[in-house]
Amino acid sequence: MKFVLSASFSKIDHLMHLAPVADEAGWEAITFSDHVVHPETISTPYPYTEDGSRRWEAFTEWPDPWVLIGALAGITKRLRFTNNVFVLPMRNPFMVAKAVSTAAVVSNNRVTLTIGMGWSSDEFKLVGQQFEKRGKRADEMVEVMRKLWTGEWVEHHGEFYDFDRLEMSPAPSEYIPIWVGGISKMAFRRAARLGDGWITDLQTSDEIIDCIKLIQGYRKENGRDHMPFDVMASASDAYTVDHYKRLEDHGVTHILTAPWAFYPNDKVDVLTQKSDAIKRFADDIIAKMA
């Protein structure tokens, strides 16, 4: 079992301090969420709350994940970087492939790309991408990016993207894993069909285990059940070693969490609280799971 630090809703200046702390304490990775802008009003309800409202307030910082990963790679040694999640079909596959490849090169291959299909039609419209058919387009984007990351002459002739022989450099020297986020059956099928892993939403342990069983069935249907497969889970009811071992026994490989939720301390500033929580969680949980 590996543990991943959630960077959601954290300020950039905090993350520049916290990433090296997590690196030294034995955390496996850190994740970055993804929004380009925050519209004051939204036409698409947020799908992960009962009333459709967003989980964050206006003016929450949403740094570009690849710029931030490049910065943090220079001040860490072993910490990996991933997303929670990166809205792939809101982008151009060539630009994403270039950014992710560059991040992989400068971090010495410490990058995992975790993709989602997105829920905000407003953001898609603002950046000039079609909200409809975003799932099919993302599937083809993955195919295109994996070709570009080979560092060889490649071509592609598909439904959404068509190009003759070209190469993209620099190319990563190792395979870049792609995990798929989402809690719909369509997301499960996509993770099973083309992903190297799956990431949950904030769910109970029982819900996560049920989802894994469905994905395992879909992987078998696709003839991919013999291949390695990661699961990064955010369990709303797991906080002890026994809780995490139960999830591990059912296929969870990574736990995504914000440890400061377990160690509240209103007597110190937020940055000190978060730093102390990262180290305490490493002692209380990570060391005992090793």
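Numbers at a glance
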item: Pick from the stretch 95-104, criterion out of contact with any strand residue (DSSP E or B) (no Cβ under 9 Å at 6 or more places or on another chain) and not polar (S, T, N, Q), ranking: surrounded by the fewest Cβ atoms within 10 Å (Cβ to Cβ); result: Met95
item: Residue among Glu132, Glu167, Glu155 that is at pLDDT 95 or above, touching a Lys or Arg at 6+ places or on another chain (Cβ under 8 Å) and not aromatic (Phe, Trp, Tyr); result: Glu155
item: Out of Ala187, Ala171, Ala233, Ala192, sole residue that is surrounded by 20 or more Cβ atoms within 10 Å (Cβ to Cβ) and farther than 22 Å from Ser6 by Cβ; result: Ala192
item: Residues of the stretch 250-268 that turn out to be within 18 Å of Thr112 (Cα to Cα) and of a type in the set (A, V, I, L, M), as a count; result: 3
item: Subset of the stretch 115-139 (residues that are buried (at least 17 other Cβ atoms within 10 Å of the Cβ) and without any contact (Cβ under 8 Å) to a residue 40 or more places away in the chain); result: Gly118, Phe124, Phe131
item: Single residue of Arg193, Arg189, Arg137 found to be out of contact with any Ser or Thr (no Cβ under 8 Å at 6 or more places or on another chain), under 30 Å from Asn108 (Cβ atoms) and among the basic types (Lys, Arg); result: Arg193
item: Residue among Trp179, Trp198, Trp153 that is loosely packed, with under 14 Cβ neighbours inside 10 Å, touching a strand residue (DSSP E or B) at 6+ places or on another chain (Cβ under 6 Å) and either among the hydroxyl-bearing types (Ser, Thr, Tyr) or in contact (Cβ under 8 Å) with a residue 12 or more places away in the chain (or both); result: Trp153
item: Inter-residue pairs, beta-carbon under 8 Å, first without any contact (Cβ under 8 Å) to a residue 24 or more places away in the chain and in the stretch 52-70, second charged (D, E, K, R) and part of a loop (DSSP other than H, G, I, E, B), 6+ apart; result: Ala58/Glu40
item: Scope the stretch 83-122; condition in contact with a Lys or Arg (Cβ under 7 Å, 6 or more places away or on another chain) and within 17 Å of Ile183 (Cβ to Cβ); matching residues; result: Met117, Gly118
item: Residue that is nearest to Ser6 (Cα to Cα), among those in the stretch 201-215 that are crowded, with 16+ Cβ neighbours inside 10 Å, modelled with pLDDT of 95 or more and not hydrophobic (A, V, I, L, M, F, W, C); result: Gln203
item: Residue that is farthest from His38 (Cα to Cα), among those in the stretch 59-96 that are assigned to a loop (DSSP other than H, G, I, E, B) and of a type in the set (Ser, Thr, Tyr); result: Thr76
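The values are calculated or read from the model by the stated rules, or taken from the named source; none is laboratory data. Here the structure is a predicted model, which is why all the values come from computation and not from measurement. Note: ideal-geometry Cβ built from the backbone for every residue, glycine included; neighbour counts use all protein chains shown.
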